[in-house]
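Read-outs: derived from the displayed coordinates by stated rules, not from any lab. Quantities reported herein were computed from a predicted structural model and do not represent experimental measurements. Neighbour counts are summed over all protein chains in view; Cβ atoms, including those assigned to glycine, are modelled from backbone coordinates with ideal geometry.
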Amino acid sequence: MLYVSKVVALPIVCQARRSRGWAAVVLLCAVACARTGLYPGDLSETEADPDANASGGANAGAKASGGAPVQPLPTSGVAPVPTAGMAPVPVEQPPVCVPSPETCNGRDDDCNGAVDDLPAQACPGGGFRFCVAGRLSECPRRCDVCVPGSVRVCQNSFCSFWGAQECAADGQGFGSCREAEPPSECAATARKFEDSKQLEQCCLDNGYCCLDEHDLDGDGNRREMLGACGDVVCQ
Amino acid sequence: MSWVWPAAAARSSALLVGVGLALLGGTAHAAPCGRPDVDLTFPPDGATAVPSNAILAAHYGSPARYADEVVSLLDDGGRNIGVTLAYDDADSMLRATPDQPLAAGHFDLVWPGLRGVSGSGGVGRGRSVGFTVTSTVDATPPVFEGLSDIGWDLARDRDPCLDRLDDRFVFQLRVGQASDDSGSALLSLLVFETEDPAAPAQTEPSRVGVRAWPTDGKLEVRRPAKKAGQTCFAAVAQDLIGSVSGGGEREVCVKTQKPPFFDGCAVSVAGSTAPGASVSAWVAMLALAALRRGRAAHARTPRAV
């Protein structure tokens with residue numbers, strides 16, 4: 001409204017003092033524009049955030065994948081007969097669903113009213129994959145990072161140079177490396193070589209699951225585990 | 001057991017949060033470390049109208065090792081009913097498929113306790129359930145509206161394995177209506193995280209839980225508060241013969257914020273999160289402040305001449 005007053009109305013008033021004829025034309029145009037609601041500010045607002053309405057305007061909310069694949073009805077036979085002096089008015093028709101085999105794509109392909117109603121798919125290593133959010137879920141694993149409560153051996157840079165890391169109850173990761181006494185078979189190695197490749201090798205040789213801090217396998221990964229880790233890893 | 005810190009309050013003063021945390025601390029979690037107790041059964045104890053073609057299942061709370069333990073299924077005459085057993089390591093689920101369709105009547109079922117995969121887990125607790133079977137057959141997949149709303153909070157849970165407090169995002173999900181041949185009470189709810197700020201490149205939804213059907217339409221999901229950001233969930237329902245509903249296309253999303261927790265000044269060794277240390281630090285700081293304030297007031301007091 002302020003925009004209309006300042007940008008449209010005031011120039012019209014000024015122009016009207018100079019030329020009343022032109023002023024009348026401009027006034028008519030302004031009124032016409034106002035009724036269409038087409039103003040530069042409005043246009044820029046719409047273009048700046050096309051998803052403003054789609055996101056719901058809030059951080060939280062629900063979003064659904066696309067609806068059924070639809071095709072518009074052919075207009076033949078449904079278009080209104082033009083009447084002299086009147087423009088034809090289109091009649092809205094409900095879209096028609098064209099059935100096709102249901103696939104995991106967020107659409108109701110088979111037109112049964114349900115989206116992605118597909119059976120679970122068996123995974124090679126056990127468990128099932130399900131169609132959610134228009135795509136297949138990953139195959140489940142028995143844990144995310146490590147088996148809850150399992151323990152791996154780590155090395156400290158002081159005192160005993162031997163430690164243990166326990167996996168969290170939700171299997172999301174390991175706790176800190178807690179100092180522990182090395183087993184008898186590795187005690188001498190720990191005293192002689194301290195935090196070293198030799199001590200890690202001793203850990204492996206004696207059947208423990210060991211953090212590969214010294215990259216004994218030479219793959220550049222010092223966060224992985226080596227040795228007897230079958231009861232620690234998730235797969 | 002844990003306590004929850006509301007998200008709105010978490011955005012307020014860090015000092016208040018620090019005081020609150022130092023004073024409240026955390027409480028011990030009920031679940032034992034790595035012990036694979038039976039935490040869910042399908043059908044649940046006391047279920048009625050179980051279809052005659054149901055596949056019976058028990059879910060274990062931690063990875064377990066199945067060593068041909070026996071599942072006992074007795075009908076109301078005390079006769080043992082033959083079942084074929086299969087343990088799914090990826091799902092931590094033991095499934096018992098009756099060799100014949102179940103006759104109508106009451107059944108008693110004993111799920112065994114299984115040994116944990118980790119050495120510390122020990123043998124988990126089994127569970128006994130009773131349920132009533134009807135002559136109906138479950139033939140059609142369930143119908144499910146999907147998740148409809150989401151909220152979130154921050155919590156600090158004590159990890160029973162590590163004996164430390166861990167930050168958790170607690171998501172409250174609202175579950176839409178569902179229906180099935182045998183009613184919605186016998187359905188299981190499979191919840192998936194479809195968008196994870198900690199793994200933005202991951203395209204496949206990851207399953208975050210199998211739950212019994214929530215009768216109040218509310219569901220709580222706890223996730224590690226590693227990274228805040230846009231987080232989305234979706235869910236599908238599954239009936240007792242394994243048929244899956246639609247509704248998984250409906251995602252609910254929320255944007256989490258990083259917890260501004262302030263543990264206070266630790267006077268213990270580095271890395272210690274013992275609440276006692278924080279409390280003592282705060283008490284010491286308050287006492288010091290009171291002492292200094294007292295001295296300043298004393299200095300300002302005009303001396304009698």
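With 0.36 nm allotted per residue and the present C-alpha distance subtracted, the B:Ser148-B:Ala201 stretch has 16.6 nm of extension available. At a Förster distance of 56 Å, what's the computed FRET efficiency of A:Ser157 paired with A:Gln121, Cβ-Cβ distance as r, to 0.05? With R0 = 56 Å, the Cβ-Cβ based efficiency is 0.70. Converting phi to 3J(HN,Hα) with the Karplus coefficients 6.51, -1.76 and 1.60 and the offset θ = phi - 60°, the stretch B:79-89 yields 7, 7, 9, x, 9, 9, 9, 8, 9, 9, 5 Hz in sequence order, with x at every glycine or proline. Near the amide H of B:Gly176, within less than 5 Å, lie the amide hydrogens of B:Gly146, B:Leu147, B:Ser148, all on another chain or at least 5 residues away, with H placed in the peptide plane.
The modelled label-to-label distance between A:Asp217 and B:Thr48, using points 7 Å beyond Cα along the C-beta direction, is 5.7 nm.
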